[in-house]
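K.L.:
Attaching a single structure in structure tokens format; questions to follow.
The values are calculated or read from the model by the stated rules, or taken from the named source; none is laboratory data. The shown structure was predicted, so the numbers you read here are calculated from the model rather than taken from an experiment. Glycine gets a Cβ as well: all are built from the backbone with ideal geometry, and neighbour counts include every protein chain shown.
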């Protein structure tokens, strides 16, 4: 079964008296354990599509089925629940809470899911170990490097065992070497059976995925499999 | 439900962290609530204290006592008409006493203002009451020591005195007053009784604590003759339920004593504490409303401060709100988070204000009686919490209904 099934969705924003067609007519399916990159120049609608896929926003028209449930008909609370349990977000700017240490940042989605304190701790710990930060649990974000911060964010996305990981330019704020490490981590996560959707404008990053969807002017320009995937080597002892 | 509790706990932690990380800002904001709560509570304890004092004063004088007097306490008659009334005399009292049946006690009262001395110590402008042995039955006085004067002492115009508790403190700070000789207006008196504290500060010189009681015949002997001024007849009804009936009887009896015909107006007044209570209530009511309104304003200003700072806090944390929403926080989660923050600020400020109010109340208790009640403590806590919720609501609501996409994009 498709995790995500989108049929003819459109999104129209009103800016003053002008209507902006961010998405015109997009249809696509994403299956379990796919690794998809969404590409496109700025203004192509890829951010809008990502917000839509992440249930942060609902389409103006068209059908979006998430695991068979229609997202357009959901209430705010239902959307919050879906985001909480089914989607793990990874952002370009990490978006960690500066006042919280790493483990508390990772625990946060579990708080909103109503998981007990002891279980939260345990799962957050495991998630941090999984991303290779077992020894950085009580560090605050400003005591961590960029790559480490992004790994905390990835641990936060993974901790709820979501159906999809949604990464928006996850290497945009990192140098190329650290970016490569993060991509290796994503590759590892994918191998474990997770579904990953990667939004990027860099060809080189997109080629880590198995499938690339190219957007232009609110329409899908191309939807193709990657012929020669970049599979980075996971160095060091990231994953114990 | 369980989720909500976790969210609540999380919200509380977030709130406390936010307050701690902005210490100076939080303290300045709290100051507004602190001052507001402190003045509101101090005001209410002072009002309560004054009220208690008045009520105990009233009851020490007896709530079922009627006063037959030349003068009216509350009247709309012209002053000169009342002034031209005949004085009530001690003979009229005797006649009156023979005729009335309903009252439990009837006593003639007159007074004079004198200086009271014991050796080198003195108290000026003391109300010296003169009456007979029945007087004590018209009051609810209790004794710290000794007794009231007897009928024999009263009829024989003995030089004996009962002193109020304040007078006793001033004249006899360290010694037993009983059987000591004091000077009232230059005449020697033996102290035979000391009243227990009646605690009616608000009555001022009429407070029994500040008075001296001697036989009426002794007043006539030492200070002025029988016809010098009018006396008051204190009449005690047999319980509050009998007041109206007793009032009707004594009015009839007094008209008879005065020999008034049916078409003549009363040339005397019957006063009662109800009138005193009413005028007190209206005065205190105004003080209460004005006081609470003015002090309430300072709380209101404090609340505006909270609202202002909460709007700033929401704006500052737009991105955080966006992230929280993206990872699954619901509207009510965000709402409660910010409500908890404003309530926590208000509660801490309010508790500090409450402590300050208690200290202030204890300090001014020496001048104005204050009474710290559990309900003013609860009032302080609930007022500060309510202020937090009300002033935090608009900012919290703004945060709760933020669009997560917009919020995440905010720099």
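K.L.:
Assess whether residue A:119 counts as being within 28 Å of residue A:151 (Cβ to Cβ), out of contact with any helix residue (DSSP H, G or I) (no Cβ under 7 Å at 6 or more places or on another chain) and more than 11 Å from chain B (Cβ to nearest Cβ).
P.N.:
So residue A:119 passes the test.
K.L.:
Show me the helices (runs of 4 or more DSSP H) entirely contained within region B:1-108 in which 2 or more residues are more than 14 Å from chain A (Cβ to nearest Cβ) and touching a strand residue (DSSP E or B) at 6+ places or on another chain (Cβ under 6 Å).
P.N.:
Where helices (runs of 4 or more DSSP H) fall fully within region B:1-108 and carry at least 2 residues being more than 14 Å from chain A (Cβ to nearest Cβ) and touching a strand residue (DSSP E or B) at 6+ places or on another chain (Cβ under 6 Å), they are B:90-99.
K.L.:
Also, I was wondering about something else. For region B:317-331, give me the residue count where each residue is in a helix (DSSP H, G or I) and either at pLDDT below 90 or touching a strand residue (DSSP E or B) at 6+ places or on another chain (Cβ under 7 Å) (or both).
P.N.:
Quick first cut of region B:317-331, residues in a helix (DSSP H, G or I) only: B:318-326, B:331.
Next, from what is left, pick out any that are either at pLDDT below 90 or touching a strand residue (DSSP E or B) at 6+ places or on another chain (Cβ under 7 Å) (or both): B:326.
The number of residues fulfilling the criteria is 1.
K.L.:
Here is a check on your reading of the model: is residue B:379 modelled with pLDDT under 85 and either surrounded by fewer than 22 Cβ atoms within 10 Å (Cβ to Cβ) or more than 14 Å from chain A (Cβ to nearest Cβ) (or both)?
P.N.:
yes
K.L.:
May I pose another question? Checking residue B:72 against (1) surrounded by 15 or more Cβ atoms within 10 Å (Cβ to Cβ); (2) within 30 Å of residue B:143 (Cα to Cα); (3) more than 23 Å from the chain's Cα centre (by Cα), which test does it fail?
P.N.:
Only one criterion is unmet by residue B:72, namely (2).
K.L.:
Is at least one residue of region B:365-373 touching a helix residue (DSSP H, G or I) at 6+ places or on another chain (Cβ under 9 Å) and part of a helix (DSSP H, G or I)?
P.N.:
The answer is no, given that none of the residues of region B:365-373 is touching a helix residue (DSSP H, G or I) at 6+ places or on another chain (Cβ under 9 Å) and part of a helix (DSSP H, G or I).
K.L.:
Something else now. Tell me, please, whether a residue that is under 30 Å from residue A:201 (Cβ atoms), surrounded by fewer than 20 Cβ atoms within 10 Å (Cβ to Cβ) and touching a residue at least 12 places away in the same chain (Cβ under 8 Å) can be found in region A:108-120.
P.N.:
No, there is no match, as no residue in region A:108-120 is under 30 Å from residue A:201 (Cβ atoms), surrounded by fewer than 20 Cβ atoms within 10 Å (Cβ to Cβ) and touching a residue at least 12 places away in the same chain (Cβ under 8 Å).
K.L.:
Of the conditions (1) surrounded by fewer than 23 Cβ atoms within 10 Å (Cβ to Cβ); (2) under 46 Å from the mean Cα position of the chain (by Cα); (3) away from chain A (no Cβ under 14 Å), residue B:332 satisfies every one except a single condition; which number is it?
P.N.:
Residue B:332 satisfies every listed condition except (3).
K.L.:
Of the numbered conditions (1) touching a residue at least 40 places away in the same chain (Cβ under 8 Å); (2) closer than 21 Å to residue B:383 by Cα; (3) under 40 Å from the mean Cα position of the chain (by Cα), residue B:27 fails exactly one; give the number of that condition.
P.N.:
Condition (1) is where residue B:27 drops out.
K.L.:
Just to be sure before I move on: is residue B:312 more than 14 Å from chain A (Cβ to nearest Cβ), within 28 Å of residue A:76 (Cα to Cα) and surrounded by fewer than 18 Cβ atoms within 10 Å (Cβ to Cβ) in the structure I sent? Lay out the reasoning, then the answer.
P.N.:
Working: more than 14 Å from chain A (Cβ to nearest Cβ): yes; within 28 Å of residue A:76 (Cα to Cα): yes; surrounded by fewer than 18 Cβ atoms within 10 Å (Cβ to Cβ): yes.
In short, yes.
K.L.:
Looking at region B:103-125, is at least one residue over 30 Å from residue B:187 (Cβ atoms) and either surrounded by 15 or more Cβ atoms within 10 Å (Cβ to Cβ) or not assigned by TED's automatic domain parsing to the domain that holds residue B:225 (or both)?
P.N.:
Among the residues of region B:103-125, at least one is over 30 Å from residue B:187 (Cβ atoms) and either surrounded by 15 or more Cβ atoms within 10 Å (Cβ to Cβ) or not assigned by TED's automatic domain parsing to the domain that holds residue B:225 (or both), which makes the answer yes.
K.L.:
When you scan region A:158-175, do you find a residue that is touching a residue at least 12 places away in the same chain (Cβ under 8 Å), surrounded by 15 or more Cβ atoms within 10 Å (Cβ to Cβ) and more than 16 Å from the chain's Cα centre (by Cα), even just one?
P.N.:
Taking every residue of region A:158-175 in turn, at least one turns out to be touching a residue at least 12 places away in the same chain (Cβ under 8 Å), surrounded by 15 or more Cβ atoms within 10 Å (Cβ to Cβ) and more than 16 Å from the chain's Cα centre (by Cα).
K.L.:
Identify, from the list B:304, B:345, the residue that is more than 12 Å from chain A (Cβ to nearest Cβ), closer than 18 Å to residue B:382 by Cβ and in contact (Cβ under 8 Å) with a residue 40 or more places away in the chain.
P.N.:
Every option except B:345 fails the conditions.
K.L.:
I'd like to verify a number: residues in region A:45-54 that are modelled with pLDDT under 90 and surrounded by fewer than 22 Cβ atoms within 10 Å (Cβ to Cβ), how many?
P.N.:
Residues flagged as modelled with pLDDT under 90 and surrounded by fewer than 22 Cβ atoms within 10 Å (Cβ to Cβ) within region A:45-54 amount to 1.
K.L.:
Inspect region A:133-146 for any residue being under 18 Å from the mean Cα position of the chain (by Cα) and surrounded by fewer than 18 Cβ atoms within 10 Å (Cβ to Cβ) and give the result as yes or no.
P.N.:
Checked against the condition, which is being under 18 Å from the mean Cα position of the chain (by Cα) and surrounded by fewer than 18 Cβ atoms within 10 Å (Cβ to Cβ), region A:133-146 yields at least one hit.
K.L.:
Please pick out the residue among B:245, B:251 that is touching a residue at least 24 places away in the same chain (Cβ under 8 Å) and in the same structural domain as residue B:171 (by TED's automatic domain parsing).
P.N.:
Testing whether each residue is touching a residue at least 24 places away in the same chain (Cβ under 8 Å) and in the same structural domain as residue B:171 (by TED's automatic domain parsing) leaves just B:245.
K.L.:
When you go through B:385, B:408 one by one, which is the residue that is within 14 Å of residue B:299 (Cβ to Cβ) and either within 14 Å of chain A (Cβ to nearest Cβ) or assigned to a helix (DSSP H, G or I) (or both)? It would help to see each step written out before you state the result.
P.N.:
Details: B:408 fails: within 14 Å of residue B:299 (Cβ to Cβ).
Just a single option satisfies the conditions, and that option is B:385.
K.L.:
For the structure I just gave you, tell me whether residue B:179 is in a loop (DSSP other than H, G, I, E, B) and modelled with pLDDT of 90 or more.
P.N.:
yes
K.L.:
Of all helices (runs of 4 or more DSSP H) completely enclosed by region A:127-229, which ones contain at least 3 residues that are at pLDDT 90 or above, closer than 22 Å to residue A:3 by Cβ and in contact with a strand residue (DSSP E or B) (Cβ under 8 Å, 6 or more places away or on another chain)?
P.N.:
Filter on region A:127-229 gives A:146-158, A:176-191.
K.L.:
Something else about it: What do you reckon, is residue A:124 in a helix (DSSP H, G or I), crowded, with 24+ Cβ neighbours inside 10 Å and more than 12 Å from chain B (Cβ to nearest Cβ)?
P.N.:
In short, yes.
K.L.:
State whether the residues of region A:70-85 include one that is touching a residue at least 12 places away in the same chain (Cβ under 8 Å), touching a strand residue (DSSP E or B) at 6+ places or on another chain (Cβ under 7 Å), under 16 Å from residue B:329 (Cα atoms) and within 12 Å of chain B (Cβ to nearest Cβ).
P.N.:
yes
K.L.:
Of all residues in region A:88-99, which are out of contact with any strand residue (DSSP E or B) (no Cβ under 6 Å at 6 or more places or on another chain), within 9 Å of another protein chain (Cβ to nearest Cβ) and modelled with pLDDT of 90 or more?
P.N.:
A:93, A:95, A:96, A:97
K.L.:
Follow-up. Report yes if residue B:273 is at pLDDT below 85 and crowded, with 18+ Cβ neighbours inside 10 Å, otherwise no.
P.N.:
yes
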